[in-house]
1. Being closer than 26 Å to residue 179 by Cα and in contact (Cβ under 8 Å) with a residue 12 or more places away in the chain is the requirement here; does residue 89 meet it?
2. Could you please find all residues in the range 176-218 being farther than 30 Å from residue 150 by Cα, out of contact with any Leu (no Cβ under 9 Å at 6 or more places or on another chain) and small (Gly, Ala, Ser)?
3. Criterion first (polar (S, T, N, Q), modelled with pLDDT under 90, touching a Leu at 6+ places or on another chain (Cβ under 9 Å) and under 24 Å from residue 150 (Cα atoms)) does residue 238 satisfy it?
4. Find the residue count for the range 201-219, including only residues that are within 27 Å of residue 191 (Cβ to Cβ) and in a loop (DSSP other than H, G, I, E, B).
5. Considering only residues that are farther than 17 Å from residue 248 by Cα, among the small types (Gly, Ala, Ser) and touching a helix residue (DSSP H, G or I) at 6+ places or on another chain (Cβ under 8 Å), which ones fall in the range 170-219?
6. Take residue 174 and tell me if it is touching a residue at least 40 places away in the same chain (Cβ under 8 Å) and among the small types (Gly, Ala, Ser).
7. If only one of 156, 182 is among the aliphatic types (A, V, I, L, M), surrounded by 14 or more Cβ atoms within 10 Å (Cβ to Cβ) and closer than 22 Å to residue 110 by Cα, which one is it?
8. Restricting to the range 136-153, name every residue that is buried (at least 16 other Cβ atoms within 10 Å of the Cβ) and either assigned to a helix (DSSP H, G or I) or not hydrophobic (A, V, I, L, M, F, W, C) (or both).
Amino acid sequence: MVTAANPAGERVATAGRRRRQGGGEVLFGRRTMVFLLPGAAYLAVLSVYPLIDLFRTAFSDVTAANLLGERPFNGLANMWRVIEDPSFGSVVLQTLVVVAIVLVLGLAGGFAAALMLRPRTRLSSVTLGVMVFVWTLPPVVAGNLWKFLLESGGPVNAVLLWLHVIQQPIPWLANGTLAIVVLGLVNAWMVVPFCALVLRAALLDVSKELLEAAALDGAAGWKVTRYIVLPLLRPVISILGVLVVINAFRSFDLIFVMTSGGPGTATTTLPYLAYQQAFKFYEFGQGSFTATLSLVIVLFLSAVYLRMNRREGP
């Protein structure tokens with residue numbers, strides 16, 4: 001039996017379904033929030049609170065005498081003490097040198113390795129396994145390894161002497177200018193595998209049909225890489241560049257193991273300076289300000305890098 005349509009009844013039924021669906025969405029949202037609470041609490045305790053405490057300490061007079069007691073506010077006194085240090089300018093410059101070396105060599109080396117390892121062969125699989133091993137090496141282990149290799153009587157100088165490339169051992173870690181470059185190179189050596197893995201995954205997502213069409217149009221070799229592959233990988237490279245910059249600023253372990261900031265202060269960077277101020281000289285206020293300054297510089301460089309890539313984007 002066919003019944004006449006009831007528009008009013010249909011509207012009521014539709015409204016009921018929407019209310020039920022809306023209630024389900026609200027219920028699902030509440031349940032989601034419950035599951036997110038442990039992660040949010042974890043971040044608040046181990047990330048947000050330490051940052052707030054770091055910022056508060058940076059503008060307080062905190063030493064070993066009152067570390068666990070009252071922390072009197074001293075305004076910009078810590079900032080002026082840090083800036084007026086004669087070695088502060090060179091420390092900032094050395095930090096930027098390390099970051100520049102790691103950023104350029106990390107991205108360039110990672111991209112070159114990704115291009116070479118793009119074909120799915122047994123050799124590329126073995127090479128990727130070795131690169132993953134290098135990437136997962138703890139910085140302390142890698143630092144001790146390279147410190148042994150670069151000693152005056154170490155294997156690197158021995159091989160160079162045997163090949164008659166040099167006439168006498170090179171003090172890789174005892175010469176200030178050379179030591180900061182070596183630290184940057186070792187840090188880049190540890191970053192290249194990560195960049196290669198990320199960029200190789202991005203390369204494998206590039207459309208083969210697009211590359212074949214470019215080949216039919218006469219594009220080949222570097223032209224394909226420059227005008228097709230690199231523009232497609234620009235978003236990945238931008239994010240990867242930010243991660244590399246952050247990693248370069250975090251390079252405390254290598255400096256601590258390989259040079260301890262020496263000779264003199266030739267390999268001291270901002271993170272290592274913050275460590276020295278806080279845990280060697282017990283000037284926790286100054287150390288906190290230096291650490292805060294490092295954080296601000298990282299955020300600034302990351303913002304500039306992303307903005308530059310966004311302007312160059314299509």
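The values are calculated or read from the model by the stated rules, or taken from the named source; none is laboratory data. For clarity, every value in this text was computed on a predicted model and none was experimentally measured. Using ideal geometry, Cβ is built from the backbone for each residue, glycine included, and neighbour counts are taken over all protein chains shown.
1. Values: closer than 26 Å to residue 179 by Cα: yes; in contact (Cβ under 8 Å) with a residue 12 or more places away in the chain: no.
No; evaluated as a whole, the condition is false for this residue.
2. 201, 213, 214, 215, 218
3. Numbers: polar (S, T, N, Q): yes; modelled with pLDDT under 90: yes; touching a Leu at 6+ places or on another chain (Cβ under 9 Å): yes; under 24 Å from residue 150 (Cα atoms): no.
So residue 238 does not fit the description; no.
4. We begin by selecting, within the range 201-219, every residue within 27 Å of residue 191 (Cβ to Cβ); these are 201-206.
Next cut, in a loop (DSSP other than H, G, I, E, B) only: 205-206.
Number satisfying all stated conditions: 2.
5. Keep residues of the range 170-219 that are farther than 17 Å from residue 248 by Cα, which gives 170-178, 197-219.
With the extra rule that they be among the small types (Gly, Ala, Ser), the set shrinks to 174, 176, 201-202, 207, 213-215, 218-219.
202, 214, 215, 219 - these are the residues of the range 170-219 that are farther than 17 Å from residue 248 by Cα, among the small types (Gly, Ala, Ser) and touching a helix residue (DSSP H, G or I) at 6+ places or on another chain (Cβ under 8 Å).
6. Details: touching a residue at least 40 places away in the same chain (Cβ under 8 Å): yes; among the small types (Gly, Ala, Ser): yes.
Judged against the criteria, residue 174 is a match.
7. On the way: 156 fails: closer than 22 Å to residue 110 by Cα.
Result: 182 is the single residue among 156, 182 that is among the aliphatic types (A, V, I, L, M), surrounded by 14 or more Cβ atoms within 10 Å (Cβ to Cβ) and closer than 22 Å to residue 110 by Cα.
8. Here is the first cut: in the range 136-153, the residues buried (at least 16 other Cβ atoms within 10 Å of the Cβ) are 139, 142-143, 146-147, 150-151.
If the condition is that a residue be buried (at least 16 other Cβ atoms within 10 Å of the Cβ) and either assigned to a helix (DSSP H, G or I) or not hydrophobic (A, V, I, L, M, F, W, C) (or both), then 139, 142, 143, 146, 147, 151 are the ones that fit.
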